[in-house]
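*Asks:* Quick one: the structure is below, and I'll ask about it shortly.
The values are calculated or read from the model by the stated rules, or taken from the named source; none is laboratory data. The structure displayed is predicted, hence computed values, not measured ones. Here the Cβ positions follow ideal geometry from the backbone for every residue, glycine too, while neighbour counts run over all protein chains shown.
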Amino acid sequence: MSSSPDTVAREVRRRRTFAIISHPDAGKSTMTEALALHARMISEAGAVHGKAGRKATVSDWMEMEKARGISVSSTALQFNYTPTGLANDDPGDVEPHVINLVDTPGHADFSEDTYRVLTAVDAAVMLIDAAKGLEPQTLKLFQVCRHRGIPVITVVNKWDRPGQAPLELIDEISERIGLTPTPLYVPVGIAGDFRGLYDRRSGSYVKFSRTAGGAKIAPEELLDAGAAAGIEGDAWTAAVEESELLSEMGQDHDQELFLAGETSPMIFTSAMLNFGVRQLLEALVELAPPPAGREDVDGNVRDVTDPFSAVVFKVQAGMDSSHRDRLAYMRIVSGEFERGMVVTHAQTGRPFATKYAQAVFGRDRSTVDTAYPGDVVGLVNATALAPGDTLFDGPRVEFPPIGSFAPEHFATLRARTAGKYKQFRKAMDQLESEGVVQVLRNDTRGDASPVLAAVGPMQFEVVTARMLAEFTVETDLEPLGYSLARRTDDVSSAELDRQRGVEVFTRTDGALLALFSDKWRLQFIEKEHPDLTLEPLVAAAD
Ligand code: G4P
């Protein structure tokens, strides 16, 4: 029996689904753990950011999951959070918020997957290292958020270490990405001497105390301005002055501008010391939007309280050669999901049984029997599902494809032995349908060696490894000297084909893409031939 729309609406209201976007080493894992600590999923931090002897292992999380019956996977971490007056206050019996933290794969496996994850969230936390400011991967991911209109909360982490001045960081963000930070708090004490936070909205001071090794929730003390000035002296005065300056520049929080993606509430933290973590959780609960309905291919909105629907945003194939298991992750858009329900796969019209829906959440398969909009559920044996696909119950719905993203790496691929061509072709179709890479073709190169296009070079390694493991096809990959793609049209293609350092291809979805060796080549051609159609490919359903 499905719950009433009222139940679904209540569940939606208390949910927040977000991702952390950051450059490797900014502190994403440490922050994830600090959030879990504040949500009281774990009683002690240290699995990740502890020093020698307490190093992170996946099994720490698995053990945690078993002990607490919560859902942990490398893809989505779900936890309850009840706002408290101070971090050390007891949350009591108030109905908690449900927070879904969807993991963006970091480090080396930067790929289209990273981008697709951002189609499954309603807000992003942009985590920045105070000493380093904006870094390349953060910028790339931020562009996706901007394009998708995802509101961003900015977190300046590692404030316990020497870094830039707050106003410098704020200027850098405004100038480089055109996002206006509106700090909710100003740190008291310069980077490296993190004492507490000046709450710009209430005018009070939250003073932090360290705990041994940053393992526990940092006790907080709430002081009024007079008491704060007495204790912190110049550091307090500086914080208040900075805040006034920000107000004069119009950098106070404005909910509408935040939701429109124009401004970004900013918080200063030390994930390692657990300073500022409650403030981040509270900002998520207070300011980040709850899950909302989604427009379908016909422009009608499937509202959150309508019957069940979900979008597949990530597909993971087992690298195990013996069985081709596929795991699909769906984000629920509307209605209630109950384990075992049979839903319809919009793309094929076929029924899809969700009996094994929970296996992805780890050992305890009975932990999630129901899920609501904003939640992420993993489906095993999802051989027919591809990123962007829709699943539904009740009235039919199909959401627009999540699209492909601007590739920056290109390579040709061919089967080493001609006799394997048929398998090669089949494997290529399969991997393309899973969204592992984009496939481009043109008459000059022929079908035997299509061009693969990817956001990150890791995607090529996945293709060659899976070609061999699952289809027993040995392949040769040859990187191409292109780094940029633009969408063009039939008329422009002929002219572009005559240019040096450019080649035009047809992508499987029919889009015409012109590849350029570098941005100077592109700029030169644009200048010489201003009439040519050359549209940037942004992260979008293009
Ligand atoms: P990532 O997931 O974004 O890649 O970052 P991760 O959390 O692994 O953190 C990268 C390094 O930064 C770690 O140090 C971590 O301890 C440190 N770090 C994270 N947050 C803070 C913070 O708020 N303050 C300070 N001072 N350091 C922070 P490491 O030396 O690589 O590891 P470890 O020896 O500390 O475990």
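One line per residue, one yes/no per condition, for (1) surrounded by fewer than 17 Cβ atoms within 10 Å (Cβ to Cβ); (2) in contact with a helix residue (DSSP H, G or I) (Cβ under 8 Å, 6 or more places away or on another chain); (3) outside any loop (DSSP other than H, G, I, E, B):
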{"site": "F405", "(1), (2), (3)": "no, yes, no"}
{"site": "F410", "(1), (2), (3)": "no, no, yes"}
{"site": "R414", "(1), (2), (3)": "no, yes, yes"}
{"site": "K422", "(1), (2), (3)": "yes, no, yes"}
{"site": "A427", "(1), (2), (3)": "no, yes, yes"}
{"site": "V439", "(1), (2), (3)": "no, yes, yes"}
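*Asks:* Any idea which of (1) out of contact with any Ser or Thr (no Cβ under 9 Å at 6 or more places or on another chain); (2) at pLDDT below 95 is the one A292 doesn't satisfy?
*Replies:* (2)
*Asks:* Find the strands (runs of 3 or more DSSP E) located wholly in region 480-533 whose residues include 1 or more that are in contact (Cβ under 8 Å) with a residue 60 or more places away in the chain and either more than 23 Å from R414 (Cβ to Cβ) or not assigned by the TED database to the domain that holds E432 (or both), and list them.
*Replies:* Output list reads 484-488.
*Asks:* Among the residues of region 206-216, are any more than 16 Å from the ligand (Cβ to nearest atom), within 16 Å of I128 (Cα to Cα) and either at pLDDT 95 or above or surrounded by fewer than 16 Cβ atoms within 10 Å (Cβ to Cβ) (or both)?
*Replies:* No, region 206-216 contains no residue that is more than 16 Å from the ligand (Cβ to nearest atom), within 16 Å of I128 (Cα to Cα) and either at pLDDT 95 or above or surrounded by fewer than 16 Cβ atoms within 10 Å (Cβ to Cβ) (or both).
*Asks:* Then there is this: Inside region 433-455, can you point out the residues that are closer than 21 Å to A485 by Cα and under 22 Å from the mean Cα position of the chain (by Cα)?
*Replies:* Hits for region 433-455 are S433, G435, V436, V437, Q438, A453, A454, V455.
*Asks:* Scanning for something charged (D, E, K, R), in contact with a helix residue (DSSP H, G or I) (Cβ under 6 Å, 6 or more places away or on another chain) and away from the ligand (no atom under 15 Å from the Cβ), does region 175-192 turn up at least one residue?
*Replies:* No - not one qualifying residue is present in region 175-192.
*Asks:* Going through region 111-165 one residue at a time, which ones are more than 16 Å from the ligand (Cβ to nearest atom), assigned to a loop (DSSP other than H, G, I, E, B) and either over 19 Å from L281 (Cβ atoms) or of a type in the set (K, R) (or both)?
*Replies:* Passing the criteria: S111, L118, T119, A120, G149, A165.
*Asks:* Can you name the residue in region 14-36 that is of a type in the set (G, A, S) and assigned to a strand (DSSP E or B) and, of all such residues, is nearest to the ligand (Cβ to nearest atom)?
*Replies:* S22
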